[in-house]
Ligand SMILES: [Ca+2]
Ligand SMILES: [Ca+2]
Ligand SMILES: [Ca+2]
């Protein structure tokens, strides 16, 4: 009888371990699936979904700045990707691809001073007209409208 019980314990124990191991694998897998879906890589030079992108020239030309810093009151400390040149007063085309339904407001001066233009989510401006090479700050709007 006693031998029989030990044998059962011996058989059960690996089974429990296997169950625990499986549970841990599931946890790891679910962690991996929440962190690995194809998501935007900021400042990789590619304008992806969930980013707000700006270019040095009109029509998405020249250097690019792709990021998701929807609120930045001072663009003088942000550089074109792969360069040491500030984006301040240099934007010539912009694409709001990542404000999740929110519009983006752009300003001529630091600290959200002197409003220039507003761009709804998923809108692209191939040229900026009178706002060309003036933008010094951008702010994510609280609503979708402009
Ligand atoms: Ca990117
Ligand atoms: Ca900045
Ligand atoms: Ca400016």
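Read-outs throughout are calculated quantities, based only on the coordinates presented, and are distinct from any laboratory measurement. From a predicted model like this one, the values you see are computed outputs, not experimental measurements. We place every Cβ from the backbone using ideal geometry, glycine too, and count neighbours over all the protein chains shown.
Per residue, the Cα convex hull of the range 52-140 amounts to 70 Å³. Among 107, 112, 65, 124, the ranking by other beta carbons within 10 Å of each residue's beta carbon, starting with the fewest, stands as 124, 112, 107, 65.
Distance between the modelled labels on residue 111 and residue 83, one decimal in nanometres: 2.9 nm (7 Å Cα→Cβ projection).
Each of 146, 118, 47 was scored by other Cβ atoms within 10 Å of its Cβ. Listed from fewest to most, they are 146, 118, 47. Per-residue Cβ neighbour counts within 10 Å put 51, 108 in the sequence 108, 51, beginning with the fewest.
Taking each residue as 0.36 nm, the span from residue 74 to residue 58 lengthens on full extension beyond its C-alpha to C-alpha distance by 3.6 nm.
Compared with the alpha-carbon gap, the fully stretched path from residue 50 to residue 126 is longer by 25.5 nm at 0.36 nm per residue. Antiparallel as a % of all DSSP beta bridges within the range 52-140, to the nearest 5? Just about 100 percent of them are antiparallel.
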